[in-house]
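Some notes on the structure that comes next.
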Amino acid sequence: MKKYNVGIIGYGWVATAHIPAINASPLAQVTAIYSSRPLDSAELSAKHGSAITAYDDLDKMLADPDIHVVSICSYPYQHKAQLLKAARAGKHIIIEKPLCLSLKDLREMEAAIKKAKVKTCVCFECRFSSQFLATKAAIDQGLLGTLHYGEVDYYHGIGPWYGQFRWNTRKDAGGSALLTAGCHALDALLLCMGSDVAEVTSYDTKSKSKIFAPYEYNTSSVTLLKFKNGSIGKCAAIVDCLQPYYFHTHLVGSEGSLLDNKFHSQKLKTNKNKWSELSMKMLDSGDVSDHPYTTQFEAFFTALAAGKEMPLTSFADAARTHEIMFAADKSAATGKTVKL
């Protein structure tokens, strides 16, 4: 059985979650790591349990014909240039979110992928979480009927206690409350409600706490979405809260409702005065080690072996989420509703 050799671009915090998840697949292995910092091949190989070549020159790594896939784990402002190079080199691409920080960059990336005919996987891994696999199954089984309202909200205080904080505070790196982290919640909302959005209205603000003062952009936003089928939705992205991590989900349909891991369904004749419970692992941490990369990457490599686009989180799937985020940020900046 052929194994895909994977080169990692950027050896930071998120790469330490990608590497074991890739190596856990029978279809793939990490064989190269590029970093702007000097790394030792022997040390990396010993640490990660496979033969790894360290590179400090990205072009050299991309020139290696034995590398089939790259995983882009760098800062968001580096993503576009690195993806364009990888696509030109004919490498299949795994890439972290956000894909980029502007619609113009997104269009350039889309064109490069299309021209190179490479396959893609975007790290909206929450779609592969136990929580959202079960939530989507409940929707698809018709237990909630036709959804007319949904809200998925992201509450995660990204302060100095969090490694990402040192660069995340910059406008040219974090971008917005939605782009830097709330994107997971918006993407999950679109998974549940559909991505056919007609228009968005968004508002943003910022905590008065000195802890979050270094941020160059507003760190709390709320986005209202009107879908083409008439349903409505809401997504709050709050990265300046002082509370436990919380990924809030509330879906309301013609046959019932779902609240996080609880639900009521007329179809199952459950008691409307008391929630029933769905047994699933909740998204209750911002720690990348808790995220379902293993399941997601396995789906990617399986699709790659079959010559197909991966389900749920291909570049095309993720691009729609980004289009809606850019529209929301434009709405917040202008104070006007933005049509998609």
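Test CYS235 against the criterion of being modelled with pLDDT of 95 or more and under 19 Å from TYR162 (Cα atoms), and give yes or no. Show your work before the answer.
Working: modelled with pLDDT of 95 or more: yes; under 19 Å from TYR162 (Cα atoms): no.
Answer is no for this residue.
Which members of the range 304-336 meet the condition of being aromatic (Phe, Trp, Tyr) and more than 23 Å from SER129 (Cβ to Cβ)?
The initial filter retains those residues of the range 304-336 that are aromatic (Phe, Trp, Tyr), namely 315, 326.
Hit for the range 304-336 is PHE326, nothing else.
Find the strands (runs of 3 or more DSSP E) located wholly in the range 206-279 whose residues include 3 or more that are under 26 Å from LEU340 (Cβ atoms), assigned by TED's automatic domain parsing to the domain that holds LEU133 and of a type in the set (Ser, Thr, Tyr), and list them.
By residue number, 220-227.
Suppose we filter the range 69-98 for residues that are more than 26 Å from LYS3 (Cα to Cα) and in contact with a Cys (Cβ under 9 Å, 6 or more places away or on another chain); how many remain?
Final tally of qualifying residues: 4.
For the structure I just gave you, tell me whether ALA116 is more than 22 Å from PHE247 (Cα to Cα) and crowded, with 16+ Cβ neighbours inside 10 Å.
So ALA116 fits the description; yes.
Within the range 296-312, can one find any residue that is touching a residue at least 60 places away in the same chain (Cβ under 8 Å), in the same structural domain as GLY233 (by TED's automatic domain parsing) and under 30 Å from ILE19 (Cβ atoms)?
No, the range 296-312 has no match at all.
Quick check on the range 290-303. Is at least one of its residues under 21 Å from the mean Cα position of the chain (by Cα), of a type outside the set (S, T, N, Q), under 30 Å from LYS91 (Cβ atoms) and part of a loop (DSSP other than H, G, I, E, B)?
Yes; the residues of the range 290-303 include at least one that is under 21 Å from the mean Cα position of the chain (by Cα), of a type outside the set (S, T, N, Q), under 30 Å from LYS91 (Cβ atoms) and part of a loop (DSSP other than H, G, I, E, B).
Looking at this structure, is ALA318 under 19 Å from LEU190 (Cα atoms), touching a residue at least 40 places away in the same chain (Cβ under 8 Å), surrounded by 21 or more Cβ atoms within 10 Å (Cβ to Cβ) and touching a Ser or Thr at 6+ places or on another chain (Cβ under 7 Å)?
no
Of the residues SER36, SER71, only one is of a type in the set (Gly, Ala, Ser), within 30 Å of SER285 (Cβ to Cβ) and buried (at least 22 other Cβ atoms within 10 Å of the Cβ); which?
Being of a type in the set (Gly, Ala, Ser), within 30 Å of SER285 (Cβ to Cβ) and buried (at least 22 other Cβ atoms within 10 Å of the Cβ) holds for just one of SER36, SER71, which is SER71.
What's the number of the condition SER257 fails, among (1) out of contact with any Leu (no Cβ under 6 Å at 6 or more places or on another chain); (2) buried (at least 18 other Cβ atoms within 10 Å of the Cβ); (3) within 18 Å of HIS184 (Cα to Cα)?
(3)
Inside the range 265-304, can you point out the residues that are more than 29 Å from CYS121 (Cα to Cα) and buried (at least 20 other Cβ atoms within 10 Å of the Cβ)?
Once the filter is applied, which keeps residues that are more than 29 Å from CYS121 (Cα to Cα) and buried (at least 20 other Cβ atoms within 10 Å of the Cβ), the range 265-304 yields only SER265.
Need a quick list: helices (runs of 4 or more DSSP H) entirely within the range 142-199 having at least 3 residues that are surrounded by 20 or more Cβ atoms within 10 Å (Cβ to Cβ) and either in contact (Cβ under 8 Å) with a residue 12 or more places away in the chain or out of contact with any Pro (no Cβ under 6 Å at 6 or more places or on another chain) (or both).
Fully inside the range 142-199 and qualifying: 183-193.
The values are calculated or read from the model by the stated rules, or taken from the named source; none is laboratory data. Everything quoted here is computed from the prediction, not taken from an experiment. When we count neighbours, we look across all protein chains shown, and the Cβ atoms used for this are built from the backbone with ideal geometry, even at glycine.
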